[in-house]
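Below is one structure; the comments refer to it alone.
The values are calculated or read from the model by the stated rules, or taken from the named source; none is laboratory data. Just so we're clear, the structure is a prediction, and the values are computed from it rather than from any experiment. Because the Cβ atoms are built from the backbone with ideal geometry, glycine has one as well, and the counts that use them run over all protein chains shown. These accessible areas exclude ligands, DNA and RNA; they are computed on the full protein's heavy atoms, side chains included. Shrake-Rupley method; radii C 1.70, N 1.55, O 1.52, S 1.80 Å.
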Amino acid sequence: MLKVTKTRILAAGVTGLMALTTIPKEKDVTRRVSDYFEQVRRDPLLLTTFFAAMPKGGDLHHHFSGSVYGETYWQILSDSNGWINTATAEIDTPGRAHPAPWKHFAELPRNGRFDSLKQAFLRMASVKDFNESLRPSDEHFFATFSKMSFVAPFGMVQGLRELKQRAVDEQVQYIETQVGLLDTAITLPENAGWEKSLVAASLKDSLAVFEILDKARAALLAHGAGSAVDNFFRRLEHLHQEANIDDTTFMLRYQLAASRLEAPLEVYRRLLLAFEAVNRRSLVVGVNLLKREDGEVSMRDYRLHMLMFAQLSRLYPEVPYSLHAGELAMGMVRPEQLRTHITDAVLTAGAKRIGHGVAIAYETACRTVLDSMARRKVPVEINLSSNEFILKVKNEQHPVLLYHTHQVPVVICTDDAGVLRTDLTRQFVLLATRYPSLHYADIKQMIINSIQYSFIYPAALKKQQLRQLEAALARFEAEVLRYRRPAVAK
Ligand SMILES: [Zn+2]
């Protein structure tokens, strides 16, 4: 007995000694990497090489169809002999017939005309060579989705492979991709009365809204919601496996997103299916709500949508969701319409993360919301390139430091790398260049946040991903010190 105790004491002593020697050493390594980072942060090319090599954890906010590059869509259509309108560069999948000037890809001669059509297509499908004098940037951005998103499920395997390859190449170990490809072959029994009552009640009577939603949910479940979710899972799992996505170094999980532009019961139908899907605890780990926030229906039904999340969250307490909220800027809507969206998403809907949150400073309850996000650890997903292009918000006008200084967890994301022709490395370069008050340790914490606040399930898997990230960051820091540029002698 005595012997065991002695051994334990000795073991504890050794562990304690190791802790004493290793912790300061780790801190010292991070401090020296931080010194190097400060040396290179004004050099955009060295900064790019720094962030290209740095493990970046996860990308928690991006949309599948907007993350695939135009070149990949072009390749998918070329491989499948899809259609192209040779006058407008619009495209279509092979199924339907089209009159001239549409042609099959196989009919296009491989010459200069082919290349100029491809360039015209890339300009239509992304921000490439965008000319603001011809069209507003937000209109151009959102229009790309209606032109491309129908190709995305058609070429999903190639698209998924592209997202994985890009992530692996830029040291990203996990991505949470928003998709909307639910099999929606179920219909709610016609009830125009519910629709009108929902809109009318949403601003003054939450209980009346919940009552109608409870009835709508019962009707949907009775009309095949369960088997629609089953069909969706079979399709998604098949695609996920065919694309060979998950391995020992990389993992992809999905969020199911509904469009906020639809009629109320259609939004609710899609949200219910999404909550049912996530509740089965598989590849789909979260729910989202998207499309332009300043749209006519989005603005009218915003609070109603938040009440839908509140009701579903009560019924499916384990299902996490992130909400696009405050993706607005002064001038896009009336000032009074900038006052409540993030507040409602956090306090009414109970969002677990907020996407964008750009309009936070205009919210009436700004400080209360920031306090709540900090206290309850509700992170904000920051998308710098996206906000610059769509909202024209950047530099000191962007609230990333407002969130950071209020201790709201920040994660850095891409939103739509394909449409915006960017990547996650570029987002970190922009962050470090524009906000010199953010130090290496702050940015490293944002990277750790991207796994910590992901919707990865179960908890043991998230822990494993966190350990993987910590090990990768330690290897990166050791490598930086090995190859850093020697300090210039004064
Ligand atoms: Zn988004």
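Looking across segment 277-294, just one residue is open to solvent by less than 10 Å² (accessible area, probe 1.4 Å) and either free of Cβ contacts under 8 Å to residues at least 24 places away in the same chain or in a loop (DSSP other than H, G, I, E, B) (or both), and that is Glu293. No other residue among Arg467, Arg485 is of a type in the set (Lys, Arg), part of a helix (DSSP H, G or I) and either open to solvent by 10 Å² or more (accessible area, probe 1.4 Å) or at pLDDT 95 or above (or both) apart from Arg467. Scanning segment 53-69 for residues that are more than 16 Å from the ligand (Cβ to nearest atom) and either under 13 Å from the mean Cα position of the chain (by Cα) or surrounded by 23 or more Cβ atoms within 10 Å (Cβ to Cβ) (or both) yields Met54, Lys56, Gly57. Of everything listed in (1) closer than 19 Å to Pro55 by Cα; (2) touching a residue at least 40 places away in the same chain (Cβ under 8 Å); (3) open to solvent by 80 Å² or more (accessible area, probe 1.4 Å), the single unmet condition for Tyr457 is (1). In segment 33-46 there is at least one residue matching the filter, namely being without any contact (Cβ under 8 Å) to a residue 40 or more places away in the chain and of a type in the set (A, V, I, L, M, F, W, C). Out of all the residues in segment 322-372, which are among the β-branched types (Val, Ile, Thr) and within 16 Å of the ligand (Cβ to nearest atom)? Within segment 322-372, Ile342, Ile354, Val358 meet the criteria.
Checking Arg269, Arg253, Arg260 one by one, the residue that is closer than 19 Å to Arg281 by Cβ and not hydrophobic (A, V, I, L, M, F, W, C) is Arg253 and no other. Scanning segment 249-283 for residues that are within 16 Å of Arg161 (Cα to Cα) and hydroxyl-bearing (Ser, Thr, Tyr) yields Thr249, Tyr254. Selection over segment 256-276 of residues that are of a type outside the set (D, E, K, R), more than 16 Å from the ligand (Cβ to nearest atom) and open to solvent by less than 40 Å² (accessible area, probe 1.4 Å) gives a count of 8. Figure legend. Inter-residue proximity from segment 129-142: first residues more than 16 Å from Val393 (Cα to Cα), second residues surrounded by 10 or more Cβ atoms within 10 Å (Cβ to Cβ) and basic (Lys, Arg), beta-carbon distance below 9 Å, spacing 6+ or different chains. Indicated pairs: Asp129/Arg123; Phe130/Arg123; Asn131/Arg123; Phe142/Lys291; Phe142/Arg292. Evaluating Glu38 against the criteria (1) under 30 Å from Pro153 (Cβ atoms); (2) open to solvent by 50 Å² or more (accessible area, probe 1.4 Å); (3) in contact with a Phe, Trp or Tyr (Cβ under 9 Å, 6 or more places away or on another chain) leaves one unmet condition, (1).
Selection of segment 430-441 for residues being open to solvent by 40 Å² or more (accessible area, probe 1.4 Å) and part of a helix (DSSP H, G or I) yields Thr433, Arg434, Ala441. Starting from segment 90-103, take each residue that is within 20 Å of Phe145 (Cβ to Cβ) and in contact (Cβ under 8 Å) with a residue 60 or more places away in the chain and list its partners that are of a type in the set (Val, Ile, Thr) and assigned to a strand (DSSP E or B), counting only C-beta distances under 7 angstrom and pairs at least six apart or across chains. If the second residue must be of a type in the set (Val, Ile, Thr) and assigned to a strand (DSSP E or B), the pairs left are Ile91/Ile84. Scanning segment 322-366 for residues that are surrounded by fewer than 20 Cβ atoms within 10 Å (Cβ to Cβ) and over 24 Å from Lys392 (Cα atoms) yields Leu347, Thr348, Gly350. Within segment 270-320, the set of residues being at pLDDT 95 or above and among the hydroxyl-bearing types (Ser, Thr, Tyr) comprises Ser298, Tyr302, Ser313, Tyr316. Residues that are open to solvent by less than 10 Å² (accessible area, probe 1.4 Å), closer than 24 Å to Leu391 by Cα and more than 14 Å from the ligand (Cβ to nearest atom) within segment 296-321 comprise Asp301, Tyr302, His305, Met306, listed in sequence order. Looking across segment 215-251 at every residue that is among the polar types (S, T, N, Q) and in a loop (DSSP other than H, G, I, E, B), the one that is least open to solvent (accessible area, probe 1.4 Å) is identified as Thr249. Among all positions in segment 437-452, there is at least one residue which is within 16 Å of the ligand (Cβ to nearest atom) and touching a residue at least 60 places away in the same chain (Cβ under 8 Å).
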